[in-house]
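J.: Pasting in a structure now, in structure tokens, and then I'll have a few things to ask.
The values are calculated or read from the model by the stated rules, or taken from the named source; none is laboratory data. Every value quoted in this text rests on a predicted model; they were computed, and no experiment measured them. Heads up, the Cβs are rebuilt from the backbone with ideal geometry, glycines too, and the neighbour counts pull from every protein chain shown. We work out accessible area using only protein heavy atoms, side chains counted, and drop any ligands, DNA or RNA first. Shrake-Rupley method; radii C 1.70, N 1.55, O 1.52, S 1.80 Å.
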Amino acid sequence: QQHRRLISRQRFITDFSQCLFEFVVQLLPTTEEMAVKEDVRKLLERLIRTIEPDSRLLSFGSSANGFSLKNSDMDLCCLIDSGERLNAADLVTMVGDLLERETKFHVKPLPHARIPIVKLTLDPSPALPFGIACDIGFENRLALENTRLLMCYASIDPARVRTMVLFLKVWSKRRKINSPYKGTLSSYGYVLLVIYFLVHVKNPPILPNLQQMPPLRPISEEESHLNGFNIWFFDDIELLRQRWKSSNTDTVAELLIEFFKFYSRDFAYNTGVASIRAGLLKKDAKGWLSEDYGTGRERNRLCIEDPFETDFNVARCVTKDGLYTIRGEFMRASRILQARPDRAILALAQLCE
Ligand code: GTP
Ligand code: MG
């Protein structure tokens, strides 16, 4: 009896891994979509250069880190290489005016946001049935670097890392727990939770800690630091692919099941901070205790340290209710996957209902 149960569980795991791969593949953006987005980037760059000739417009976020889904928004960052330049708020206003005049985008400049951006949207059309949503920020070099860090992690073990991350992104969107504005977690936050799990929870680890590997040559303070933050990490992917081979052979299905189990019951939500740089840290050591700053607003229910901006809690928007909902969803997923489902495809459909 027990033997038979074990075999059927084994079969479920194999099928579920296969289902996950197939599910994720059909959610990837098409080459056409990527080409259209690249054309849009070039067009916007050309226009912005009429104001700032020495500027470059670069992609970051999911379109540049290997975790992009169909119709995901575009995150663009404008870098200006010349010495003197306008401040971000003024640039946002000027670029906003320009794009309003010169393009068909709906334009919404937000010059006074924490990170000033211009928001652009394009209505759906036959060629672009979902339209386009795009944010342009200025001089946000840390975001470019954290994008590159995630991209490196994705390319070390794409079959397991990308599949897990892409699945969790879809799952969190379908379960409606992917809106920082409504008290739940951003995609960026979920990606960090996955990497934390693969570097610091899994034993043996699936991924190395790129920020703690010894550099191949001495690195000066100037090279490694940006705005006072250490942004160095081991980024020689070719070398990593040759040298890093995890001895952990868990399948993507096993990893996902454990991921849900870990974040439903084992992670120390009340006292812990998930840091991909340094492992499990303590809230009190970082001064991130829940009832905070005397503002009455909660910020530190869930704590995820940004890999570079170490004084920044990526999950600061998660409220008490939001965290309750997120944990409830981790538990629900865990329950579905533990309940000896016999058809993997049905379990997957139920997960993302
Ligand atoms: P989708 O848009 O859902 O496809 O996911 P995404 O991978 O683009 O993630 P998201 O839109 O949440 O974030 C885009 C990028 O913005 C991330 O890769 C980060 O570089 C940056 N970012 C987002 N949120 C934060 C944050 O709270 N802190 C910092 N430093 N950067 C952030
Ligand atoms: Mg994005």
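J.: Go through region 174-194 and give me each residue that's within 12 Å of ligand 1 (Cβ to nearest atom), more than 14 Å from GLU254 (Cα to Cα) and of a type in the set (Val, Ile, Thr). Working first, answer last.
T.: So in region 174-194, the residues within 12 Å of ligand 1 (Cβ to nearest atom) come out as 178-181, 184-192, 194.
Right, trim to more than 14 Å from GLU254 (Cα to Cα) and you get 178-181, 184-192.
Result: THR184, VAL191.
J.: Can you name the residue in region 136-148 that is near ligand 1 (Cβ under 10 Å from one of its atoms) and crowded, with 18+ Cβ neighbours inside 10 Å and is also nearest to ARG41 (Cα to Cα) among such residues? Explain how you work it out, then say what you get.
T.: Here is the first cut: in region 136-148, the ones near ligand 1 (Cβ under 10 Å from one of its atoms) are 137, 140, 142-148.
Next cut, crowded, with 18+ Cβ neighbours inside 10 Å only: 137, 140, 142-147.
Working: GLY137: 13, ASN140: 17, LEU142: 20, ALA143: 17, LEU144: 15, GLU145: 19, ASN146: 20, THR147: 17 Å.
Out of the qualifying residues, it is GLY137.
J.: While we're here: Taking region 97-106, which residues are open to solvent by less than 30 Å² (accessible area, probe 1.4 Å) and over 18 Å from LEU79 (Cβ atoms)? Steps first, answer last, please.
T.: Filtering region 97-106 down to residues open to solvent by less than 30 Å² (accessible area, probe 1.4 Å) leaves 98-99, 103, 105.
Hits for region 97-106 are THR103, PHE105.
J.: Could I ask something else about it? Working only within region 297-353, note down all residues that are farther than 27 Å from LEU142 by Cα and in a loop (DSSP other than H, G, I, E, B).
T.: Scanning region 297-353 gives ALA339, ARG340, PRO341, ASP342, ARG343, CYS352, GLU353.
J.: Applying the selection to region 121-155, what residues are over 23 Å from LYS70 (Cβ atoms) and either of a type in the set (Phe, Trp, Tyr) or assigned to a loop (DSSP other than H, G, I, E, B) (or both)?
T.: Within region 121-155, PHE138, GLU139, ASN140 meet the criteria.
J.: Still on this structure, I have one more. So in region 184-217, with the set limited to residues that are modelled with pLDDT under 95 and not aliphatic (A, V, I, L, M), which one is surrounded by the most Cβ atoms within 10 Å (Cβ to Cβ)?
T.: So the residue we want is PRO215.
J.: While we're looking at this one, here's another question. When you check VAL318 against the structure, is it assigned by TED's automatic domain parsing to the domain that holds PHE197, open to solvent by less than 50 Å² (accessible area, probe 1.4 Å), within 16 Å of ligand 2 (Cβ to nearest atom) and within 23 Å of ARG174 (Cβ to Cβ), yes or no?
T.: Against the criterion (assigned by TED's automatic domain parsing to the domain that holds PHE197, open to solvent by less than 50 Å² (accessible area, probe 1.4 Å), within 16 Å of ligand 2 (Cβ to nearest atom) and within 23 Å of ARG174 (Cβ to Cβ)), VAL318 does not qualify.
J.: Taking region 107-135, which residues are surrounded by fewer than 20 Cβ atoms within 10 Å (Cβ to Cβ), in contact with a Pro (Cβ under 7 Å, 6 or more places away or on another chain) and modelled with pLDDT of 95 or more?
T.: LEU110
J.: Scan SER334, SER275 and give me the residue that is in contact (Cβ under 8 Å) with a residue 24 or more places away in the chain and open to solvent by 10 Å² or more (accessible area, probe 1.4 Å).
T.: Details: SER275 fails: open to solvent by 10 Å² or more (accessible area, probe 1.4 Å).
When all the criteria are applied, what remains is SER334.
J.: Which residue pairs have Cβ atoms under 7 Å apart, sit 6 or more places apart or on different chains, and have a first residue in region 12-39 that is over 30 Å from LEU346 (Cβ atoms) and a second that is surrounded by 18 or more Cβ atoms within 10 Å (Cβ to Cβ)?
T.: Pairs that qualify, where the first residue is over 30 Å from LEU346 (Cβ atoms) and the partner is surrounded by 18 or more Cβ atoms within 10 Å (Cβ to Cβ), are LYS37/SER63; LYS37/MET74.
J.: I'd like to verify a number: residues in region 173-193 that are touching a residue at least 60 places away in the same chain (Cβ under 8 Å) and within 16 Å of ligand 2 (Cβ to nearest atom), how many?
T.: Of region 173-193, the ones touching a residue at least 60 places away in the same chain (Cβ under 8 Å) are 174-175, 177, 180-189, 191-193.
Retained after the next criterion (residues that are within 16 Å of ligand 2 (Cβ to nearest atom)): 180-181, 184-189, 191-192.
Of the residues in region 173-193, 10 are touching a residue at least 60 places away in the same chain (Cβ under 8 Å) and within 16 Å of ligand 2 (Cβ to nearest atom).
J.: How many residues does region 64-76 contain that are near ligand 1 (Cβ under 7 Å from one of its atoms) and more than 11 Å from the chain's Cα centre (by Cα)? Step through it out loud before you land on a result.
T.: Going residue by residue through region 64-76, those that are near ligand 1 (Cβ under 7 Å from one of its atoms) are 65, 67-69, 72-73, 75.
With the extra rule that they be more than 11 Å from the chain's Cα centre (by Cα), the set shrinks to 69, 72-73, 75.
So the count comes out to 4.
J.: Taking strands (runs of 3 or more DSSP E) that fall entirely within region 1-120, which contain at least 1 residues that are out of contact with any Ser or Thr (no Cβ under 9 Å at 6 or more places or on another chain)? It would help to see each step written out before you state the result.
T.: Working: elements: 55-60, 74-80, 106-110.
Fully inside region 1-120 and qualifying: 55-60, 106-110.
J.: I'm told TYR181 meets every condition in (1) among the hydroxyl-bearing types (Ser, Thr, Tyr); (2) modelled with pLDDT under 95; (3) open to solvent by less than 50 Å² (accessible area, probe 1.4 Å) except one. Can you identify the failing condition by its number?
T.: (3)
J.: Where residues in region 29-63 are small (Gly, Ala, Ser) and more than 9 Å from ligand 1 (Cβ to nearest atom), which of them is farthest from ALA154 (Cα to Cα)? Talk me through it step by step, then tell me what you get.
T.: Filtering region 29-63 down to residues small (Gly, Ala, Ser) leaves 35, 55, 59, 61-63.
Still in the list and also more than 9 Å from ligand 1 (Cβ to nearest atom): 35, 55, 59.
Numbers: ALA35: 22, SER55: 29, SER59: 17 Å.
Checked region 29-63; the qualifying residue farthest from ALA154 (Cα to Cα) is SER55.
J.: Still on this model: So, ARG241, is that one surrounded by fewer than 17 Cβ atoms within 10 Å (Cβ to Cβ), part of a helix (DSSP H, G or I) and modelled with pLDDT of 95 or more or not?
T.: Values: surrounded by fewer than 17 Cβ atoms within 10 Å (Cβ to Cβ): yes; part of a helix (DSSP H, G or I): yes; modelled with pLDDT of 95 or more: no.
Judged against the criteria, ARG241 is not a match.
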